[in-house]
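Here's the structure, in structure tokens; my notes come after.
The values are calculated or read from the model by the stated rules, or taken from the named source; none is laboratory data. What you see is a predicted model; the values in this text were computed from it and never measured. Because the Cβ atoms are built from the backbone with ideal geometry, glycine has one as well, and the counts that use them run over all protein chains shown.
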Amino acid sequence: MRNEENPPREQPLVSRVPIRVAQPGELNAYVIYEHELDSLDKLDADLTKDPPESIYLNFALFLFPISLSFLITLLTTTIQSNRLYELFVIISILAFTLSLLLFALWMRDRRSYRKNRQSLLQSRAQQIQQIKNRLPPNPPVQAVRIVSEEQ
């Protein structure tokens, strides 16, 4: 007998979905010492952090539109005050010059960052290969002949 106040609850979706697990052909476990794990962790942290010269690009991309907006204002508007006109000219020239300078600094420094990143990637690959080399080679697989029972 059903109770109208408490309707029956449906089963959760997880229990109705069949789950199949494919087993791998082989599973390798590698022994990693704590100092190796710390070294790999430090390399990964160095690889994932933003390069310090990215701030140059951020400021260059910030200043360039400012210089353009002041330049467009100068070209499209008549400014009566000489002081205000000179202020707009100075801001436009300074923002444009600084944006070009910061962009040039970013271009110069990103090449050194790429080289440093490559050496970090090579170092990490060497450490991983060194850990994998500790595992002895796989034993040879022997052929097995299957005989059917019908014969």
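Screening 75, 87, 57 for residues that are in a helix (DSSP H, G or I), surrounded by fewer than 11 Cβ atoms within 10 Å (Cβ to Cβ), hydrophobic (A, V, I, L, M, F, W, C) and modelled with pLDDT under 95 leaves exactly one candidate, 75. Of all residues in segment 63-102, those satisfying the criterion of being within 30 Å of residue 52 (Cα to Cα) and among the aliphatic types (A, V, I, L, M) are 63, 66, 68, 90, 91, 93, 94, 95, 98, 100, 101, 102.
Answer yes or no: is there a residue in segment 100-120 that is assigned to a loop (DSSP other than H, G, I, E, B) and under 30 Å from residue 136 (Cβ atoms).
Of all residues in segment 100-120, those assigned to a loop (DSSP other than H, G, I, E, B) come to none.
Taking every residue of segment 100-120 in turn, none turns out to be assigned to a loop (DSSP other than H, G, I, E, B) and under 30 Å from residue 136 (Cβ atoms).
Considering each residue of segment 126-136 in turn, none proves to be part of a helix (DSSP H, G or I), at pLDDT 85 or above and among the aliphatic types (A, V, I, L, M).
Tallying residues that are among the small types (Gly, Ala, Ser) and within 28 Å of residue 100 (Cα to Cα) within segment 30-82 yields 4.
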